[in-house]
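The values are calculated or read from the model by the stated rules, or taken from the named source; none is laboratory data. This structure is a prediction, so every number in the text was calculated from the model and none was measured. All Cβ positions, glycine included, derive from the backbone under ideal geometry; neighbour counts span all protein chains shown. Areas reflect the complete protein model, heavy atoms only, side chains present, ligands, DNA and RNA absent. Shrake-Rupley method; radii C 1.70, N 1.55, O 1.52, S 1.80 Å.
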Amino acid sequence: MKQELLETVSINYDPRPELIGAASYFHAQGWMLGTAGNLSAKMPDNSFWITASGKSKGKLTHDDFVRVYSDGSVEAPRTASIKPSAETSIHSCIYELFPEAQACYHVHSVDANLVSHFVDGDELPLPPLEMIKGLGVWEENPNCIMPLFDNHFKVPQIADDIKTRFLAQKPQIPALLIRNHGVTVWANSLETARNYIEITEFVFRYIVAAKKAGI
Ligand SMILES: [Zn+2]
């Protein structure tokens with residue numbers, strides 16, 4: 001492919017159809033009910049498209065997204081009153097900490113909320129399931145933990161906590177859990193981010209089932 005063509009492809013890149021598809025799928029799983037959760041995808045200029053605040057995630061349209069630039073400015077297509085997700089500061093923080101990340105997905109599920117109560121500290125131990133390999137941990141019986149953060153009414157406070165902790169120590173897996181709230185993942189493609197959400201939700205479901213079964 002010629003360089004000019006590559007540049008045209010990247011200028012014309014629009015991740016919104018894939019984000020709409022992912023939101024619709026997550027909504028169908030019960031992980032993005034009502035207006036909960038937010039999905040974003042990075043653009044070649046380091047800005048990112050993110051779901052707008054207060055939109056039903058089961059029926060998003062192209063106009064239900066805003067583009068956030070690295071200087072903090074926001075571009076909303078068509079509707080001037082549309083606002084970025086209230087949790088945009090977490091997405092900005094993730095893209096800053098992990099420059100290779102191309103997508104950041106965050107959902108709210110019952111199982112994620114339940115497992116966040118199973119430990120008191122700031123780490124959720126993950127069972128050594130085969131599925132963990134899908135998060136990039138290729139070890140026999142991996143000793144894997146998911147970083148756990150307290151929920152705050154002021155979301156930038158959560159973002160600050162994430163930044164402080166991950167600057168001191170990078171997480172083992174591309175995922176974090178906010179207590180009583182939900183999981184956030186990041187990945188080098190939209191498809192991988194979608195896989196990570198499925199894997200983390202599978203693991204949460206397993207932890208809840210194992211506790212119920214007394215395992
Ligand atoms: Zn949330």
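Keeping the other protein chains in place, figure out the carbon and sulfur percent of the accessible area of the range 2-213, with a 1.4 Å probe.
52
Rounding to the nearest 20 debye, state how big the charge dipole of the range 2-213 is about its Cα centre with +1 on each Lys and Arg Cβ and -1 on each Asp and Glu Cβ.
So the dipole magnitude of the range 2-213 works out to roughly 540 debye.
Using Cα-Cα distances under 8 Å and only pairs 6 or more residues apart, what relative contact order does the chain have, in percent?
For the chain, the relative contact order is 20 percent.
Determine which lysines satisfy two conditions relative to Lys55: a Cα distance under 29 Å, and not lying fewer than 8 residues away in the same chain.
Straight-line reach from Lys55, under 29 Å: Lys42, Lys83, Lys154, Lys163.
What value, in deg cm²/dmol to 500, does the helix sum -39500 (n - 2.57) over DSSP H runs of n ≥ 4 give at 222 nm once divided by the residues of the chain?
For the chain, the value works out to -11500 deg cm²/dmol.
Hey, if you drop one equal point scatterer on each alpha-carbon of the range 106-215 and run the Debye formula without solvent, what base-10 log of I(q)/I(0) do you get at q = 0.10, 0.14, 0.17, 0.20 Å⁻¹?
Summing over Cα pairs of the range 106-215 leads to -0.27, -0.53, -0.80, -1.13.
How would Arg179, Arg205 rank on accessible area, largest to smallest, probe 1.4 Å?
Arg205, Arg179
Need the full-extension length gain, Ser56 to Lys212, defined as separation in residues times 0.36 nm minus the C-alpha distance. One decimal, nm.
52.9 nm
Please list 16-23, 108-115, 41-48 highest first by mean number of surrounding beta-carbon atoms within 10 Å per residue.
Sorting 16-23, 108-115, 41-48 by mean packing, highest first, produces 108-115, 16-23, 41-48.
Which value, in Å², gives the accessible area per residue of the chain when a 1.4 Å probe is used on the protein heavy atoms?
Roughly 51 Å² per residue, with all protein chains present.
For the range 2-213, what is the per residue volume of the convex hull drawn over the alpha-carbon atoms, in cubic angstrom?
136
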